[in-house]
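Novice: I am attaching a structure below and will ask some questions about it afterwards.
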Amino acid sequence: MKLCLLSPRFPFPENGGDVLRLNNIARYLKSKDFELVLISFYEDEIRLKKEYFALYDTIYMIKRTKIVSLVMSLLFALSGRPIQCGYYFSFKFLKQLRRSIKQELPDEFVSHLLRMTPYLELTHQHKNSIVEMTDALSKTYALSVKAKGNFVKKCIYRLELGLIRRYEKYVVSHFPKVVLVSETDVHYLKSLCRKKNESLAVYTNGVDCLPALPTNYSRNKICFIGNMRTLQNQDAVLHFVQDIFPLIKQTVPDAVFTVIGAEPPETIRNLADGKNVIVTGFVDDIQTAVSECCLAVAPVRVAAGIQNKVLVAMGCGVPVVMTSLISKAIPELSDGGNCFIQDDEKSFAEKCILLMQNEEIRKSISRNGYETVKKQYSWNEKLEGYEKIAL
């Protein structure tokens with residue numbers, strides 16, 4: 001069977017949860033003897049490598065230009081459609097999809113994220129499509145009003161909220177197969193549509209674990225993992241640096257907070273002081289970077305779906321202190337058992353200090369977290385049966 005996958009971002013290198021998920025879905029489907037055609041946007045020049053074709057049998061790339069994206073964003077917004085769908089709309093992309101439909105004769109289509117679904121509507125392929133919605137975006141945008149960070153981006157999120165909510169309801173009602181990564185988002189969308197809907201399915205994220213728990217780590221080092229393009233990750237980092245980290249430094253003055261993630265904006269880069277706060281940007285080996293830390297933090301206040309940052313850290317044997325908002329998407333989490341879940345700044349800081357100063361408790365949380373994701377969050381296990389929705 002041949003699948004055509006539409007992606008807003010070229011999935012290499014794997015520097016974000018979105019492309020990591022897309023590639024692991026592709027790996028799973030390849031293991032089930034699917035033939036995969038990828039049509040993807042790209043921005044910077046990319047040299048195609050042999051290993052890319054080991055995953056995707058055919059690759060088509062369309063360059064995305066910011067001027068076109070901005071113009072189409074405005075046009076979509078004026079017509080009452082989501083800004084992000086306009087931002088990733090291109091007549092060149094549409095032309096390539098139509099050409100591929102005739103030449104490749106795909107049996108099924110996968111829209112990676114909601115923003116690619118207009119192409120399937122315009123080519124009348126929505127009945128043969130899977131929408132990899134991943135998260136309920138309107139749920140995230142509704143929380144963005146309290147986020148710290150880029151003012152312009154927050155304004156766009158507020159404008160987008162109504163547009164994306166209406167479009168989510170439309171997609172859930174008109175596309176036969178919509179995939180999300182958490183049950184909480186499925187319940188949210190069902191309540192949004194206010195009717196029974198059989199199109200929604202849950203295939204959550206997985207993680208690749210280290211072969212063994214790390215033994216060599218810095219006892220004063222804290223990390224945050226996340227794609228720094230997103231408002232929710234920017235808000236989490238700013239919240240930690242401004243409201244939580246000062247409380248930690250009162251007890252652990254040499255504590256170091258490392259922000260690991262691609263494309264940090266100026267507001268995040270300016271936090272780096274060369275001593276207590278380090279901003280790495282993209283790293284080639286995220287597991288090594290994370291496993292060197294005593295703990296990982298996820299003080300996320302704006303989010304939907306399951307957070308890869310939690311699974312990645314636990315899979316590296318690094319204990320995590322997180323907010324209750326993101327803990328709900330991972331039912332196996334247990335406060336004080338395999339992680340710490342805290343919402344107020346003082347309690348959050350106290351748990352971080354505890355992990356830095358109490359080796360026995362750190363080992364227990366680390367081991368329990370590692371075993372949880374190793375046993376229950378492998379990609380193959382979490383994607384088991386995905387091929388059936390493509391048949």
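Novice: Whats the longest run of the chain with zero trypsin sites (Lys or Arg not before Pro) that are DSSP loop and have at most 10 other Cβ atoms within 10 Å?
Specialist: Maximal segment without exposed cleavage sites: 50-193.
Novice: By how many degrees, 0 to 90 and rounded to 10, does the Cα axis of helix 345-357 deviate from the longest principal axis of the chain?
Specialist: Long axis of 345-357 versus the principal axis of the chain: about 70 degrees.
Novice: Each residue of segment 23-38 in turn: what ³J(HN,Hα) in whole Hz from Karplus with 6.51, -1.76, 1.60 and θ = phi - 60°, glycine and Pro shown as x?
Specialist: Computed from phi, the couplings for segment 23-38 are 5, 6, 5, 4, 4, 5, 5, 4, 5, 9, 6, 7, 9, 10, 10, 10 Hz.
Novice: Relative to the first principal axis of the alpha-carbon coordinates of the chain, what is the inclination of helix 151-174, with its axis defined by its Cα atoms, in degrees from 0 to 90 and to the nearest 10?
Specialist: Rounded to the nearest ten degrees, it is 50.
Novice: Explain nothing, just compute: Karplus ³J(HN,Hα) = 6.51 cos²θ - 1.76 cosθ + 1.60, θ = phi - 60°, for every residue of segment 96-102 in order, whole Hz, x for Gly and Pro.
Specialist: Working through the residues one at a time gives 5, 4, 4, 5, 5, 4, 6 Hz.
Novice: Now for a different question. Over all Cα pairs of segment 136-265, how is the pair count split among 10 Å bins, expressed in % and running from 0 up to the last occupied bin?
Specialist: 10, 28, 30, 21, 9, 1
Novice: Another question, if that's okay. Report the GluC sites (Glu not before Pro) located in segment 23-78 that are in a DSSP loop and have at most 15 other Cβ atoms inside 10 Å of their Cβ, or state none.
Specialist: 43, 45
Novice: Computed over the Cα atoms, what is the radius of gyration of segment 197-336 divided by 2.2 N^0.38 Å, N being its residue count?
Specialist: 1.05
Novice: Which residues' amide hydrogens lie under 5 Å from the amide hydrogen of residue 223, considering only partners 5 or more residues apart or on another chain, with H built in the peptide plane?
Specialist: Long-range HN contacts for residue 223: 258, 295, 296, 297.
Novice: Using a 1.4 Å probe over the heavy atoms of the protein chains, calculate the carbon and sulfur portion of the accessible area of the chain as a whole percent.
Specialist: Exposed carbon and sulfur together represent 52 percent of the surface.
Novice: If you don't mind, another one. Rg and Dmax in Å for segment 214-259, alpha carbons only: what are they?
Specialist: 11.9, 34
Novice: Round to the nearest 10 and report in Å² the accessible area of residue 155, as given by a 1.4 Å probe over the protein chains' heavy atoms.
Specialist: 50
Novice: Per the Debye formula with a single identical scatterer at each Cα and no solvent contribution, what log10 I(q)/I(0) holds for the chain at q = 0.07, 0.11, 0.12 Å⁻¹?
Specialist: The Cα Debye sum returns log10 ratios of -0.32, -0.80, -0.95.
Novice: Lone cysteines in the chain, going by a 4.7 Å Cβ-Cβ cut-off?
Specialist: Lacking a cysteine Cβ partner under 4.7 Å: 4, 85, 155, 193, 209, 294, 316, 339, 352.
Novice: Springs between alpha-carbon atoms under 10 Å, Gaussian network over the chain: tell me which of 320, 152, 300 tops the mean-square fluctuations.
Specialist: Most flexible of the set in this elastic network: 152.
Novice: Roughly how far apart, in whole Å, are the Cα centres of segment 163-179 and segment 325-354?
Specialist: So the two Cα centres are separated by 33 Å.
Novice: Counting other Cβ atoms within 10 Å, keep those with at most 15, restrict to DSSP loop, and tell me which GluC sites (Glu not before Pro) in segment 149-245 are left.
Specialist: The qualifying sites are 198.
Novice: Okay, next question. Under a GNM of the chain (C-alpha, springs under 10 Å), which listed residue has the highest mean-square fluctuation: 11, 82, 331?
Specialist: Looking only at 11, 82, 331, the biggest GNM fluctuation is shown by 331.
Novice: On a 0 to 90 degree scale, rounded to 10, what angle separates helix 66-78 from the longest Cα axis of the chain?
Specialist: 80
Novice: Moving to a separate point now. Looking only at Cα atoms, what is the convex hull volume of segment 262-391 per residue, in Å³?
Specialist: 143
The values are calculated or read from the model by the stated rules, or taken from the named source; none is laboratory data. For clarity, every value in this text was computed on a predicted model and none was experimentally measured. With ideal geometry, Cβ positions are generated from the backbone for all residues, glycine too; neighbour counts draw on all protein chains shown. Side chains included, ligands, DNA and RNA excluded: accessible areas come from the protein's heavy atoms. Shrake-Rupley method; radii C 1.70, N 1.55, O 1.52, S 1.80 Å.
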